[in-house]
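Asks: One structure coming up, written as structure tokens, with questions to follow.
The values are calculated or read from the model by the stated rules, or taken from the named source; none is laboratory data. Since the model is a prediction, treat every value here as computed from it, not as a measurement. All Cβ positions, even for glycine, are placed from backbone atoms using ideal geometry, and neighbour counts span all protein chains on display. In case anyone asks, the SASA skips ligands and DNA or RNA and just uses the protein heavy atoms, side chains included. Shrake-Rupley method; radii C 1.70, N 1.55, O 1.52, S 1.80 Å.
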Amino acid sequence: MSIAEQYIQYVKDKTAEHPEQSWNKILLGFQANKYRLKFLPEKDISRGYQRLESMMMSFVADALSHRDSYVWGNIFAPCELIGSFGLATLSIECLSCFLSGYHLEDYFIDYAQTEGIAPTLCSYHKTFIGAIESGAVPLPRYAVTTSLSCDGNLNTFRYLDKKRGIPFTLLDIPYEADDGSVDYLAAQLEELANRLENVFHKPFRIEKLQQSLQIENETRKELWKFFRLQSRHYYPGKLVSSLYLMMGMHLLIGTQEFLDLVRFMVEDIQTYPEFKGKKILWVHLLPFYQESLQKYFNANEKYQIIASDISLDSAEELDASRPFHSLARKLIHNLYNGSYSHKAEIISRLTDELHPDAVIQFCHWGCKQSSGGSILLKERLQEKGLPMLILDGDGIDKRNSHDGQMKTRLEAFLEMLDEAKAGQEETC
């Protein structure tokens with residue numbers, strides 16, 4: 001057992017014994033991993049993904065080290081607005097993933113359920129609630145969530161407000177993008193800016209938000225370049241690399257640091273060889289711990305995830321001269337807002353842009369939106385002759401995923417893709 005594995009086991013044991021005394025141990029591990037990734041990056045992955053992994057670990061470790069430097073959010077909270085106050089946005093989904101690095105998700109999930117949280121609630125939310133309720137994770141000064149995508153968001157943040165006194169703002173996202181709806185949401189965003197001013201005693205400077213939106217526009221253009229290039233070049237990464245990129249697009253979008261990284265990846269990927277394997281567009285969450293998925297998508301020249309829909313969930317060109325209205329339109333037009341037919345239409349257009357060989361959707365246990373609409377998307381893609389695999393499991397709770405079943409279905413699907421390619425080559 002390596003030193004890192006020994007420390008992980010030590011933290012897990014100590015947290016189970018005295019969760020209220022575990023935070024400094026958890027944070028020390030994050031900080032140590034930050035320096036490990038900076039000076040000893042993963043050897044089997046590309047330079048861009050090495051830098052991305054290091055950046056995300058540094059972002060989380062540094063933010064968590066200073067209680068007044070961040071707010072909790074969900075993954076769709078407007079980090080651009082929050083960042084204009086010099087604050088980091090740490091999503092509960094992100095935190096739950098990092099806590100699972102200590103294999104603590106099962107302890108926190110069980111703790112939350114003993115406190116009366118329903119077993120059917122999303123496991124990301126239960127991990128977060130259990131971490132807070134057990135006293136393992138210190139309370140933030142403020143939280144921000146949205147009604148977008150997940151119906152558990154409001155209940156989770158409302159529960160933490162009632163039980164632990166964490167004040168929060170809920171952004172109610174309309175489904176329609178008419179002028180009245182945009183004005184309604186823009187007013188909520190302005191009110192959020194006022195509340196952050198009052199809570200953190202920092203002035204809101206609109207020019208910082210405007211600059212962030214300009215950087216975001218450039219970042220999204222560069223990211224599209226990268227994903228198109230990743231359809232043509234072998235750019236070795238890990239399953240978790242797509243997860244880090246997803247986090248970056250929602251927690252660091254609008255920062256010069258993240259733009260510089262994406263620009264580097266665009267240049268770097270062009271130095272890598274042609275990719276001749278099967279290109280996969282991933283839909284929904286990534287169960288980064290799943291061994292069978294890691295086997296096929298960690299630095300594998302035969303199969304490459306070229307993009308994830310959550311990294312591309314918004315294509316909105318932001319008007320920096322009207323920042324609140326621009327952010328409102330971005331949230332309303334998000335791929336995950338509204339009916340699943342809206343999502344299916346956007347994903348269909350993504351396949352036209354990126355030309356994947358297949359689509360894989362992971363239906364996270366407890367996520368009604370994902371499971372309920374997956375067949376609709378599959379039917380839409382069948383019309384285009386594009387194969388799609390639906391995998392069921394849990395994005396974070398290993399006890400709800402059956403690796404053997406997933407391996408059988410994944411291997412059969414990939415074998416089908418390989419046979420189809422071989423048949424095409426013989427025909428040619």
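Asks: Treat every Asp and Glu Cβ in region 129-229 as -1 and every Lys and Arg Cβ as +1, leave all other atoms uncharged, and give the resulting dipole magnitude about the Cα centre to the nearest 20 debye. If you can, show how the numbers build up before the last one.
Replies: Values: 13 positive and 15 negative charges, 129 e Å.
That gives region 129-229 a dipole magnitude of about 620 debye.
Asks: List every residue whose amide H lies under 5 Å from the amide H of L171, counting only residues 5 or more places away in sequence or on a different chain, with H placed 1.01 Å from N in the peptide plane.
Replies: Those qualifying (amide H under 5 Å, at least 5 residues apart or on another chain) are T145, T146, S147.
Asks: Residue-wise, which Karplus ³J(HN,Hα) couplings in Hz belong to region 373-387, taking 6.51 cos²θ - 1.76 cosθ + 1.60, θ = phi - 60°, and x for glycine or proline?
Replies: x, 4, 5, 4, 5, 4, 5, 5, 6, 4, 4, 9, x, 9, x
Asks: Quick check on region 74-227: what are the equivalent-ellipsoid semi-axes from the Cα gyration tensor, as sqrt(5λ), descending, whole Å?
Replies: 29, 18, 17
Asks: Magnitude of the Cβ-charge dipole of the chain, K/R +1 and D/E -1, about the Cα centre, nearest 20 debye? Intermediate values should be presented prior to the final figure.
Replies: Values: 46 positive and 58 negative charges, 156 e Å.
Dipole magnitude for the chain comes out near 740 debye.
Asks: If you take every residue apart from P323 with its C-beta less than 15 Å away from the C-beta of P323, what net charge results, scoring Lys and Arg +1 and Asp and Glu -1? Before the final figure, lay out the partial values.
Replies: Details: positive: R205, K208, R322, R329, K330; negative: E80, D183, E190, E191, E207, E216, E316, E317, D319.
Computed value for this residue: -4.
Asks: 7 Å from Cα along Cα→Cβ at both Q21 and R409: what's the point-to-point distance in nm?
Replies: 4.4 nm
Asks: Given the options M249, M55, M416, which has the most mean-square fluctuation in a GNM of the chain, springs set between C-alpha atoms less than 10 angstrom apart?
Replies: M416
Asks: Then there is this: How high is the relative contact order of region 287-428? Use alpha-carbon pairs under 8 Å, at least six apart in sequence, and give a whole percent.
Replies: Details: 114 pairs, mean separation 30.7, N = 142.
Normalised by residue count, the contact order of region 287-428 is 22 percent.
Asks: Report the semi-axes of the equivalent ellipsoid for the chain in whole Å, largest first, where each axis is √(5λ) for an eigenvalue λ of the Cα gyration tensor. Let's see the in-between values first.
Replies: Details: eigenvalues 204, 143, 96 Å².
Working through the eigenvalues yields semi-axes of 32, 27, 22 Å.
Asks: Let me check I've understood the local charge: for T114, count other residues with C-beta under 13 angstrom from its C-beta, Lys and Arg +1, Asp and Glu -1. What total comes out?
Replies: Details: positive: K126; negative: D106, D110, E115, E133.
Result for the neighbourhood of T114: -3.
Asks: A follow-up question, please. Could you tell me how far the Cα centroid of region 322-385 sits from the Cα centroid of region 2-22, in Å?
Replies: 39 Å
Asks: Which pairs break 32 Å Cα to Cα here: K238/K330; K43/K279; K208/K238? Let's see the in-between values first.
Replies: Working: K238/K330 29 Å; K43/K279 23 Å; K208/K238 34 Å.
Among K238/K330; K43/K279; K208/K238, the Cα-Cα distance tops 32 Å for K208/K238.
Asks: What's the carbon and sulfur percent of the chain's accessible surface, probe 1.4 angstrom, rounded to a whole number?
Replies: On the way: 9010 of 17920 Å².
Roughly 50 percent, rounded to a whole number.
Asks: Name the residues of region 90-123 whose amide N is less than 20 Å from a point 7 angstrom out from the Cα of H402 along the C-beta direction?
Replies: Counting only backbone N, you get 120, 123.
Asks: Once amide H atoms are built 1.01 Å from N in the peptide plane, which residues 5 or more positions from A88, or in another chain, come under 5 Å H to H?
Replies: Result for A88 returns Y70, V71.
Asks: Shifting gears a bit: Testing the spin-label approximation: label points 7 Å from Cα along Cα→Cβ at E353 and K162. State their distance in nm.
Replies: In this crude spin-label approximation the distance works out to 4.1 nm.
Asks: Pairs of Cα atoms under 8 Å, at least six residues apart: use those to get the relative contact order of region 1-150, whole percent. Can you show the working numbers first?
Replies: Working: 161 pairs, mean separation 39.2, N = 150.
With pairs under 8 Å counted, the relative contact order is 26 percent.
Asks: If I take every Cα pair under 8 Å that is 6 or more residues apart in region 128-233, average their sequence separation and divide by the length, what percent do I get for the relative contact order? Numbers along the way, then the final one.
Replies: Details: 64 pairs, mean separation 19.2, N = 106.
This gives 18 percent for region 128-233.
Asks: Compare the peptides 233-242, 401-410 by average per-residue count of other Cβ atoms within 10 angstrom and give them in order, highest first. Walk me through the intermediate numbers first.
Replies: Numbers: 233-242: 21.3, 401-410: 15.4.
Result, highest mean Cβ count within 10 Å first: 233-242, 401-410.
Asks: Another question, then. Using the per-residue mean of other Cβ atoms lying within 10 Å as a proxy for protection, in what order, highest first, do the peptides 307-316, 35-44, 383-392, 219-228 fall? All intermediate terms of the calculation are to be shown ahead of the outcome.
Replies: Working: 307-316: 21.1, 35-44: 13.0, 383-392: 15.5, 219-228: 19.4.
The densest-packed peptide leads the list: 307-316, 219-228, 383-392, 35-44.
Asks: Let me ask something else. List the pair-distance distribution P(r) of region 196-342, using every Cα-Cα distance, as the percent of pairs falling in each 10 Å bin from 0 up to the bin containing the longest distance, rounded to whole percents.
Replies: The percentages, shortest bin first, are 11, 35, 32, 16, 5, 0.
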